[in-house]
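Heads up, the thing below is written out as structure tokens.
Nothing in this text is a laboratory measurement; each read-out follows from the coordinates by a stated rule. Every value quoted in this text rests on a predicted model; they were computed, and no experiment measured them. Neighbour counts are summed over all protein chains in view; Cβ atoms, including those assigned to glycine, are modelled from backbone coordinates with ideal geometry.
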Amino acid sequence: MQGLAIQERKESIFTKGEQRNTLTCDTDSISGSVSQRACVYCGARVVLNPITDAIHLVHGPIGCASYTWDIRGSLSSGEELYRNSFSTDLREQDIIFGGEKKLTQAIDDLVTKYHPPLVFVYSTCIVGVIGDDLEAICKAASLKHQIEIIPIESSGFIGNKSAGYRAACEGLLRLIKNQPNPIPPKEKNTLNLLGDFNLAAETWIIKSYLERVGIKLNVTLTGDSSYEQIKKTPIASLNIVQCAGSMIYLAEKLKEEYDIPYLRISFIGIEDTIASLRKIAAALGDEQIIKNIEKLIRKEQEKTWPVIDYYKHKLQGKKAAVYVGGGFKAISLIKQFRELGIEVVIVGTQTGSQAEYQTIGDLVQQGTVIFDDTNPAELENFIIDKGADLLVGGVKDRPLAYKLGTAFIDHNHDRKHALCGFVGAENFAKEVYSTVCSPVWKAIRTGGMTE
Amino acid sequence: MLDGTPKKIIERHSGGVINPAKTCQPIGAMYAALGLHGCLPHSHGSQGCCSYHRMHLTRHFRDPIMASSSSFTEGASVFGGGANLKTSIKNVFTIYNPDIMAVHTTCLSETIGDDLNSIVQSAEIPEGKIVLYANTPSYVGSHITGFSNMTKGIINQLAESTLEEPKEQVTILPGFVNPGDMREIKRIVKKMDIDYVMLPDTSGVVDSPMTGEFVMYPKGGTTVEEIKDSGNSQITLALGSFASADPANALDKKCGVPAKVLHTPIGIKATDSLLMALSKSFVREIPYDLEEERGQLVDIMTDTHFHFHGKKVAIFGDPDIVISLTEFVLSLGMKPVHVLTGTPGKSFENEINKMLTEAGIEGNVKAAGDLFTLHQWIKNLPVDLLIGNTYGKYIARAEDIPFVRIGFPILDRSVHSYLPVVGYKGAIRIIEMISNALLDRADRDAKDEDFELVM
Ligand code: SF4
Ligand code: SF4
């Protein structure tokens, strides 16, 4: 691809050991690029969507709702209401005369049909422009139906996905703060998990570890959560934050308002899983739990390492490219690949922060390409240039990787197996192996028609 | 969720949608633009929309889907998106270097009121490059409307009539169908020994072969030369009125190519009509190969009709596809008792109702409907089979109905975009899909004593 190094992009890419060590990030994509970046609404929706018993009503034209209908594999142990797609389906006359009446009616319709405890109303770009007063409508509807109806200001163009995370956190805060009854006292050894969405049942894995060592998981924000559970958020004595990009803001707020300290943890890869468990134990400071956790770590490792070693042996010398949403996940993945004997030669994120890029820079080897947001052409160049055998990315990257004859793993909504904790590390190793070492790649170059 | 749909039908006042059976215009426009050779579709709006459309198409076709975005920020919503589009045009040709950039609008740029024509006119476009555009407000119509609007835009901006006499050539507007379908239609036209221009033609673009190399602009797609030449054709065959009638009329208006609107050639009758139209317009005999295929289809229909007869079917999806599918299942002796599309349009209801009346079937028919409504219908009048896109799987599971996936999008199965549902071969394939679904179910549910080897 010619003329690739478009001026504005230069600030967003660097190669370790070659150029200066900071890069521009968290900016908006330039006009005319094939960007992978999503919008505010997308950010808000992915964070709140796993709340299972809520109506998620998208106020806008149909598309915004269609594309987000049940696309995230967050599992529920109870209600399934969140897996429907609700839209006000704004039409031309609504654009001209405003969509407020339609929104009110849609809320009425849905509440009478489903009797939900909670409705989220998301605004999309167009609503920001036609100027519907979501706040007022939700308030009125809330009074009328006697349930909580929370507007999420997520007009797509006012920032990017991170702004959507923020809008979602604001919504959650409203929910948490609105307490009809006095909040019960904090419970010992009880914690909240923030920033896990129960993709492929991952929340349940973490929950099981915690329960085994005597810690109670109060609520997960938002994987497999419900209205009632979220209300109980303040009784936890500690918050642990998994996907920091989306939830650090909420963690800060909960610390301010409810005096709940938080820890950043990551259950991706064995190294980080162990470190996280120990961090939690230390923070709780309970002797028994510390002991239990050490026991759990020992037991799980005994099971897991042989599996990892088996695959490590087969994967020795392979090279990986990582392009994920958040910086924290990228960091964990670099470590996890190291456990598998795989070197990460390309790392990029969509919403990584300056500090995270710094850490990434420290972790990787000389010559590794680091970038913020990218387009397919760039990505292709990097992959070919660096000879990556595997790409870890999102939906749109999969076919690109395949076309290049590069193996692929979805570490996003389309993941098929749980990738967290010890069992997740095993799954990950298996998945890496099954894609990198699949015989299908051989068919590309050794077709019967070529000699 | 699945049992969250109540059986009792209460009228909804808001006109809001629960579980949509349509999506927005721009994705259709993007798909149409992908059917031009060397074209980069461009979404004039916020980056989120573009991201969603690419993701959705990627999931359906399992191929890289390229498209750029104007990436609106707050300023654009106040001052208009003209500057963003001009910058985009510059950047797109510098970075991605397509032959054509095909711009469509989104809700946002439409609401702000950006005037594409004047923005494009005043933009700097590199020598030899083309910028096409179409207005695709999502609050009107559906993705099918967007497909139609982009196709119309392409014709209006590029087609030319340069000859005194029209060429012995047909312009085929295939509508919003898979590349596998477009290939099949082309094969049929070739077999008839008729020159053609197909517009758009996504075969070779979104079903491109694996070469170990990523090609930004794969081999397929209608070329600029071909698009221009579409104005010299003797006739336009518009397959599917919703996706293709408007652009066909535009070509008539601009270049005087008469338009004939046919059904999407799904099923025996619609395929017959296509062949008859070709044969009449170009005075061609139907070649034996095609006669043979038709004969095979009829043979299969008779061999299997007892599996189908009297079975109740619910069909939903895009209007052109659903109209033809309804016609086809009727010809198999099935009863399409619930027929629904998300796309608005009275003509859909009229056409289906006419078919049902002729067949003496009473059924529910609705345009601008949603899957909540369809599910309620099914709860009140159960069916033996559901045909539609991926989103039908929730209903199929809740009601335990055999389910055949046809349409857009299909996100949970692969290969579908490579194989046709159009033409006689496509009809044979549909019969195979339907009978496999029904018979697999019969096997699954049979008691030991009823479990049969030969069916
Ligand atoms: S805002 Fe974007 S995604 Fe939503 S309906 Fe409009 S064009 Fe489609
Ligand atoms: S319209 Fe706005 S909110 Fe909807 S998908 Fe597009 S960018 Fe996102």
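Odds and ends about this structure:
- Per-residue shielding of B:362-373, expressed as the average number of other chain Cβ atoms within 10 Å of the residue Cβ, stands at 1.
- Gyration tensor verdict on chain A (Cα atoms; rounded if a/c is under 1.5, prolate if a/b is larger than b/c, oblate otherwise): oblate
- Spin-label model distance (nm) - A:Ile96 vs B:Ser279, 7 Å beyond Cα toward Cβ: 4.9
- Exposed GluC sites (Glu not before Pro) absent: longest stretch of chain B, with sites in DSSP loops and at most 16 other Cβ within 10 Å deemed exposed: B:12-123
- 10 Å Cβ neighbours from other chains, averaged over peptide B:50-62: 6
- Overall form of segment A:40-177 per C-alpha gyration tensor (a/c, 1.5; a/b vs b/c): rounded
- Descending principal axes extents, chain B, alpha-carbon based, whole Å: 75, 54, 46
- Between 0 and 90°, nearest 10: helix B:268-282 axis offset from chain B longest Cα axis: 50
- Computed on segment B:289-449, with alpha-carbon pairs under 8 angstrom and 6+ residues apart, the relative contact order is 22 percent.
- For chain A, DSSP calls about 10 percent of its internal beta bridges antiparallel.
- Long hydrophobic helices in chain A: the complete DSSP H runs spanning 20 Å or more by Cα along their own axis with mean Kyte-Doolittle hydropathy of at least -0.5 are A:161-177, A:244-258, A:270-284, A:421-436.
- Note on B:202-214: average number of Cβ atoms from other chains within 10 Å of each residue's Cβ is 4.
- Mean residue ellipticity, 222 nm, helices only, chain A: the sum of -39500 (n - 2.57) across DSSP H runs of n ≥ 4, divided by residue count and rounded to 500, is -14500 deg cm²/dmol.
- The trypsin sites (Lys or Arg not before Pro) found in segment B:415-455 that occupy coil by DSSP, while having at most 16 further C-beta atoms within 10 Å, are B:Lys447.
- Averaging Cα coordinates gives a centre for segment B:140-156 and one for segment B:33-51; these two points are 14 Å apart.
- Computed from the Cβ-Cβ distance with R0 of 22 Å, the FRET efficiency linking B:Glu127 to B:Glu225 stands at 0.80.
- With Cα atoms defining each centre, segment A:283-357 and segment B:230-289 are spaced 59 Å apart in the structure.
- Helix B:288-308 axis, angle to chain B major axis (alpha carbon atoms, nearest 10°): 50
- The overall shape of segment B:25-158, judged from the alpha-carbon gyration tensor, is rounded, with an a/c ratio under 1.5.
- Relative contact order of segment B:25-119, pairs being alpha-carbon contacts under 8 Å that are 6 or more residues apart, as %: 38
- Checked against a 19 Å cut-off, the cross-linked pairs A:Lys102/A:Lys177; A:Lys416/B:Lys22; B:Lys152/B:Lys253; A:Lys102/A:Lys139 give Cα-Cα distances beyond that limit for A:Lys102/A:Lys177; A:Lys416/B:Lys22.
- If you take the Cα centroid of segment A:414-443 and the Cα centroid of segment B:291-343, the two points sit 41 Å apart.
- Nearest-ten-degree value, helix B:241-255 long axis tilted from longest Cα axis of chain B: 40
- Remark: relative contact order (chain B) = 17 percent; criterion is Cα-Cα distance under 8 angstrom and separation of 6 or more residues.
- On the basis of the beta-carbon distance and an R0 of 51 Å, A:Asn178 and A:Lys299 show a calculated FRET efficiency of 0.75.
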